[in-house]
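The values are calculated or read from the model by the stated rules, or taken from the named source; none is laboratory data. Keep in mind the model is a prediction, meaning the values are calculated, not measured. Reconstructed Cβ throughout: ideal geometry from the backbone, glycine too, with neighbour counts over all protein chains shown. Heads up: the accessible areas ignore ligands, DNA and RNA and are worked out on the full protein's heavy atoms, side chains in. Shrake-Rupley method; radii C 1.70, N 1.55, O 1.52, S 1.80 Å.
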Amino acid sequence: MTVATQQQLVERIWARDATVWTGAGEDQWLGWLDEPKRMQERAGEIVEFAAEARKKFETFVLLGMGGSSLAPEVLKRTFGIKQLHVLDTTHPAMIRHAEKSLDLSKTMFIVSSKSGGTLETLSHFEYFWKKTGANGDQFVAVTDPGSSLEQLASTRNMRVFAGEPTIGGRYSALSPFGIVPAALMGIDVDRVLANAERMAEACRGDANPGLQLGLQLGERWREGRDKVCITETDGRFGLWAEQLIAESTGKQGRGLVPAPGESPEGPDRQAAEVELADANEIGAEFFRWEFAVAVAGAILEINPFDQPDVQAAKDKTKEVLASDEDPRLEPEGSLDELLARAEPPNYIAIQAFIDPMRERELEPLIERGHETGCVVTHGLGPRYLHSTGQLHKGGPPTGLFVQVVDDMGDEIPIPGQDFGFGRLIRAQAEGDYRSLKERGRPIVRLRVEDS
């Protein structure tokens, strides 16, 4: 791509030209281009709210999934904040752990869902709403205007911060979905947003950092280097970048496979550096990667702003929940046989529906995967369903999948539902297992203690 063609591409992105991609309405999802400046205008109100909240509460718990949870998780880790906890699992063990470790009377809950209908988030909301005695002062909602969550929050006398409807979830790090939790953590959001706006301006010009990263991602994909080995940072930046890349590019049988922390050495791999000399630079880095993935989407000739295959696992989960079935999640298939067939350009995806406190127990399994010479990715369920799930189903058919489960323990009821958290996470695991099998994806299931 010539310099002139590159600059033309940049101008077309900023001009909201949907034909940069597929012409399928992508222009309706480019609000993230202006969000740093827009949020600078809203920051005062958010910072004022957060300052008052920090006087009243010692701990903050974010209830959200995917685009609503991953940026706050990375911000928490990058700045080393202890007061915020992100709850993005339906595993009963983690619900119990949260309840035991928190002083609920001194905790504020951030209920975060763009659509307002995220099943996991609403289940957490109803559970903790009941546990706190239905006190609206302990809850704040972040959701798009007109959502059912906005309506529910208003009836419960909760503060609501509206999202920007022209931004998809994975592009929402610099919107209220990232900035409200950041302010509640005491992060200097003015600095973060100023750095983001500086990067946005840089992504209009000649020495365009977002363009350069995007061209690298796309052009190396053309060379067969579709595994993006993202530098691992102390703040786990890759957790956020993983969703951005996987959900944006993994469709129509093609896509980039994000692999945080994996070695870039190999014929199907490319290195992608995270440039974060200072924690406050994270606003700039969020924007740089957002712009880069939009550019890569143009090279892959896909719509980077939809997620056509994410609904599949949700529908399967609903089917399981609507029946009288409570899946036993018995081991199925042979791990040895699955790994014996693995060779690049395959990648091995470990999908662990386990207590997040047991994540380290996956390390022997990850090591076995590495012995094949393939890239190994791993994600916790149901978190990964909102992150890499689109890639697993809609991306290149090179994934080999290992579902890992554990004992969910005693059931925890969800107020207003005829199922509890244990049955919900089992239905999510079973639903995704069936969805992958239907697409002919090789998958086995095993228990964490047998891995």
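Some notes on this structure:
- The set of residues in the range 150-167 that are over 20 Å from the mean Cα position of the chain (by Cα) and of a type in the set (G, A, S) comprises A153, S154.
- Single condition G64 does not satisfy, out of (1) crowded, with 18+ Cβ neighbours inside 10 Å; (2) more than 22 Å from V310 (Cα to Cα): (2)
- Among the residues of the range 332-373, those that are under 20 Å from A429 (Cα atoms) and of a type in the set (S, T, N, Q) comprise S334, Q351.
- Which numbered condition A50 misses (of (1) surrounded by fewer than 19 Cβ atoms within 10 Å (Cβ to Cβ); (2) within 21 Å of M158 (Cβ to Cβ)): (1)
- Any hit, the range 191-213, residues being among the hydrophobic types (A, V, I, L, M, F, W, C), at pLDDT 95 or above, open to solvent by less than 10 Å² (accessible area, probe 1.4 Å) and over 17 Å from E281 (Cβ atoms): yes
- Among the candidates A322, A271, A277, the residue that is open to solvent by 30 Å² or more (accessible area, probe 1.4 Å), closer than 22 Å to Q212 by Cα and modelled with pLDDT under 95 is uniquely A277.
- A single member of L244, L276 is in a loop (DSSP other than H, G, I, E, B), in contact with a helix residue (DSSP H, G or I) (Cβ under 6 Å, 6 or more places away or on another chain), in contact (Cβ under 8 Å) with a residue 60 or more places away in the chain and not small (G, A, S), and it is L276.
- Sole residue being among the hydrophobic types (A, V, I, L, M, F, W, C), touching a helix residue (DSSP H, G or I) at 6+ places or on another chain (Cβ under 7 Å), in a strand (DSSP E or B) and without any contact (Cβ under 8 Å) to a residue 24 or more places away in the chain, chosen from V160, V86, V111, V142: V160
- S248 being among the hydroxyl-bearing types (S, T, Y) and either modelled with pLDDT under 95 or under 13 Å from L217 (Cβ atoms) (or both): yes
- Cβ-Cβ under 8 Å pairs, at least 6 apart or on other chains, the range 1-27 side in contact (Cβ under 8 Å) with a residue 24 or more places away in the chain and closer than 19 Å to A200 by Cα, far side open to solvent by 20 Å² or more (accessible area, probe 1.4 Å) and of a type in the set (D, E): Q7/D206
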